[in-house]
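Have a look at the structure below before the remarks.
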Amino acid sequence: MIKVNVNGGNLDQKEIDAYVEHGKKKYPDKNITQMDINVDGDYVDIKYTFENIPFERIRRITGYLVGTLDRFNNAKRAEERDRVKHGI
């Protein structure tokens, strides 16, 4: 369910539903959790808030692209532990 906030004016439910459908068509690959509709006379500004998409960090360690070290043997784990880590 999408939470809709209307600021600066009044919109009827039919118009709000049309803006929600427009957002779903504009961003079909994202889940919209909230819409802030700011009314300024004849103009409308819409701000969308999307659901967070979890991701797994992938690193290049000792020549391999890995997400976790759980599949490394003891030698590879030691190699990762002993490498020089540079700060930002």
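Screening Glu80 against (1) modelled with pLDDT of 85 or more; (2) in contact with a Leu (Cβ under 7 Å, 6 or more places away or on another chain) leaves a single unmet condition, (1). In segment 1-84, counting only strands (runs of 3 or more DSSP E) that sit wholly within it, the ones holding 3 or more residues that are surrounded by 11 or more Cβ atoms within 10 Å (Cβ to Cβ) and without any contact (Cβ under 8 Å) to a residue 24 or more places away in the chain span 43-50.
The values are calculated or read from the model by the stated rules, or taken from the named source; none is laboratory data. Every value quoted in this text rests on a predicted model; they were computed, and no experiment measured them. No Cβ is skipped: glycine too gets one built from the backbone with ideal geometry, and neighbour counts run over all protein chains shown.
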